[in-house]
Amino acid sequence: MAAKQTYIIGGGIIGLSIALYLQSEGRNVTIIERDEPGGACSRGNAGMFAFNEIFPLAHWSTLLRAPSMLFDANSPLSLRWSYLPKLAPWLTRFIFACRPTSFHAGSAALAALNAQAQQDYDPLIERAKAHDLIIRNGFLTVCATERGLRREQQLIGKLAQHGLSAEILNAQETRQLEPALSADIKGAAYFPEGRNTSDPFALAQRFAARFSADGGEIIRAEVSGLTKDGDREWIIETTGGHHQSSEVVIAAGAWSRAVLRMTSTDAPLDTERGYHLMLPSPDIEITRPMTFQERNFIATPMNDGLRLAGTVEFGGLDAPPNYQRAEILHKLATRYLPGIRSSGATRWMGFRPTLPDFKPAIGRLHANPSVFYAFGHQHLGLTQAGVTGRIIADLVMGRDPAIDLAPFDLDRFN
Ligand SMILES: Cc1cc2nc3c(=O)[nH]c(=O)nc-3n(C[C@H](O)[C@H](O)[C@H](O)COP(=O)(O)OP(=O)(O)OC[C@H]3O[C@@H](n4cnc5c(N)ncnc54)[C@H](O)[C@@H]3O)c2cc1C
């Protein structure tokens, strides 16, 4: 009997991870990707497997800080004001998601997802022979102020309640780990178990290469329509012709809403645009990713230089990048890493797929059970790719994914 066929729309790190998992189930898998696999948001991220990030950004403290941040050109948050009317429905839902009950339920859901994220990544890294791209050297959250350090101390206490361990280092201990740090820093939170990739794009490409080598097909085309042929098959219309499949997975990152709408379903998905500045010759050396507590962005040592990455800009999918958001990262980093140089720097922008409660959407459509979805991974798509792939494979194969999927069901927005 011929293997059953699954089509995945979108070949970012999420689509690729689903593809590898389904392939190992003996499924015949095709990815439809309009650009290079892994070439969109999955390309330029900060490379952290942030299994410890379990607190949704939808929190009242974010709400309180947002207005002042919006009027500070150096802050990690910005908004294209012309986009505000379009963003308003998302913002309204976001405000509701900041309620303590939603926040606590969201934390529990993300903690459950992240608890499985590492073990579900390992088989993919093994299969793609990508061990050389994985660094296990911990993370730091570096604090330039006593206030920042106190915040980290509190956070560590809350993480401990979820079984996640981290410790506070004083300034001297921090600088022993990373001598390039300024003598003025106050200390850091240290996550000794932290892992990162030295090249997220190379990791995605490794996944794509393994998938193709094992017989998977990647079609370079844009999906423009999804229609049901009677009760069973989906007709997938693309810029390169059409395809027929009994089941479809939507993993199109920040563009998933447009694809989902082709099935007459909607989701309040928007995008947080993020930037990076890649420094090929930073003139300093760090040996592990560090988040700058007061500035909320990350410096990660990568194969081809030091990457400064982060910031959130609300402005939709169509506005051109504002690369000043990337340039500013170098100036802000000098407070922590004096001597960091930006000569030859390159800039990048990516579209994080973000739902207003800062939880991903992972599941299958109730109205159309042959449509599966996996998008909205916001700041954690690299981190949660393995577990998402495993869950979707379980759902497609009719197995219990051993995790409560209600918090990730799109029905939560109805
Ligand atoms: C600055 C920055 C730093 C980050 N740092 C981290 C980090 O350290 N750790 C972490 O876990 N996460 C991080 N993230 C988030 C992470 O990068 C994303 O969550 C993740 O890449 C999303 O993956 P994806 O596969 O859903 O989307 P994408 O990588 O965007 O892939 C979606 C794909 O779908 C394709 N597509 C869309 N529509 C169609 C269509 N109609 N037809 C065909 N193809 C289509 C697109 O071309 C694209 O390739 C960061 C993000 C940014 C911006």
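Filter the stretch 3-55 for residues that are open to solvent by 10 Å² or more (accessible area, probe 1.4 Å), away from the ligand (no atom under 12 Å from the Cβ) and either part of a loop (DSSP other than H, G, I, E, B) or farther than 17 Å from residue 386 by Cβ (or both) and give the result.
3, 4, 5, 25, 26, 27, 28, 55
Working only within the stretch 217-264, note down all residues that are β-branched (Val, Ile, Thr), in a strand (DSSP E or B) and surrounded by fewer than 16 Cβ atoms within 10 Å (Cβ to Cβ).
Result: 227, 235.
So residue 358 clears everything in (1) within 16 Å of the ligand (Cβ to nearest atom); (2) farther than 24 Å from residue 16 by Cβ except one condition, right? Which one?
Going through the list (1) within 16 Å of the ligand (Cβ to nearest atom); (2) farther than 24 Å from residue 16 by Cβ, residue 358 breaks only (2).
List the number of the failed condition for residue 367; all other conditions in (1) among the aliphatic types (A, V, I, L, M); (2) in a loop (DSSP other than H, G, I, E, B); (3) farther than 30 Å from residue 406 by Cα hold.
Every condition holds for residue 367 apart from (3).
What are the residues in the stretch 68-123 that are charged (D, E, K, R) and free of Cβ contacts under 8 Å to residues at least 40 places away in the same chain, if any? Talk me through it step by step, then tell me what you get.
Applying the first criterion (charged (D, E, K, R)) to the stretch 68-123 yields 72, 80, 86, 93, 99, 120, 122.
Listed by number, the residues that qualify are 72, 99.
Within 17 Å of the chain's Cα centre (by Cα) and either open to solvent by less than 30 Å² (accessible area, probe 1.4 Å) or more than 17 Å from residue 351 (Cα to Cα) (or both), is that true of residue 110?
Values: within 17 Å of the chain's Cα centre (by Cα): yes; either open to solvent by less than 30 Å² (accessible area, probe 1.4 Å) or more than 17 Å from residue 351 (Cα to Cα) (or both): yes.
Yes; evaluated as a whole, the condition is true for this residue.
Give 296, 303 a once-over and let me know the one that is within 14 Å of the ligand (Cβ to nearest atom) and either modelled with pLDDT under 95 or open to solvent by 30 Å² or more (accessible area, probe 1.4 Å) (or both). Let's see the steps before the verdict.
Values: 303 fails: within 14 Å of the ligand (Cβ to nearest atom).
After applying the criteria, what remains is 296.
Would you say residue 372 is in a loop (DSSP other than H, G, I, E, B), within 16 Å of the ligand (Cβ to nearest atom) and crowded, with 20+ Cβ neighbours inside 10 Å?
Against the criterion (in a loop (DSSP other than H, G, I, E, B), within 16 Å of the ligand (Cβ to nearest atom) and crowded, with 20+ Cβ neighbours inside 10 Å), residue 372 does not qualify.
Which residue is farthest from the ligand (Cβ to nearest atom), if the candidates are limited to the stretch 377-404 and must be under 21 Å from residue 94 (Cα atoms) and touching a helix residue (DSSP H, G or I) at 6+ places or on another chain (Cβ under 7 Å)? Steps first, please.
Within the stretch 377-404, the first condition is being under 21 Å from residue 94 (Cα atoms), and the residues that meet it are 377-381.
Checking which are touching a helix residue (DSSP H, G or I) at 6+ places or on another chain (Cβ under 7 Å) leaves us with 377, 381.
Details: 377: 4, 381: 2 Å.
Top of the filtered list is 377.
Give just the number: which of (1) within 9 Å of the ligand (Cβ to nearest atom); (2) within 30 Å of residue 4 (Cβ to Cβ); (3) open to solvent by less than 10 Å² (accessible area, probe 1.4 Å) does residue 272 not satisfy?
Every condition holds for residue 272 apart from (2).
Pairs only if they're at least six apart or on different chains, beta carbon under 8 angstrom, first in the stretch 286-313 and in contact (Cβ under 8 Å) with a residue 40 or more places away in the chain and within 14 Å of residue 190 (Cα to Cα), second open to solvent by less than 20 Å² (accessible area, probe 1.4 Å) and acidic (Asp, Glu); list them, first residue then second.
Listed by first residue and then by second, the contacts come to 287/178; 288/178; 290/178; 293/152.
What are the residues in the stretch 166-202 that are outside any loop (DSSP other than H, G, I, E, B) and surrounded by fewer than 17 Cβ atoms within 10 Å (Cβ to Cβ), if any?
First, the residues of the stretch 166-202 that are outside any loop (DSSP other than H, G, I, E, B): 167-177, 187-191, 195-197, 200-202.
Once the filter is applied, which keeps residues that are outside any loop (DSSP other than H, G, I, E, B) and surrounded by fewer than 17 Cβ atoms within 10 Å (Cβ to Cβ), the stretch 166-202 yields 167, 170, 172, 173, 176.
The values are calculated or read from the model by the stated rules, or taken from the named source; none is laboratory data. Here the structure is a predicted model, which is why all the values come from computation and not from measurement. For neighbour counting, all protein chains shown are included, and Cβ atoms are generated from backbone atoms with ideal geometry for every residue, glycine included. Side chains are part of the model used for accessible areas, which takes the heavy atoms of the whole protein and leaves out ligands, DNA and RNA. Shrake-Rupley method; radii C 1.70, N 1.55, O 1.52, S 1.80 Å.
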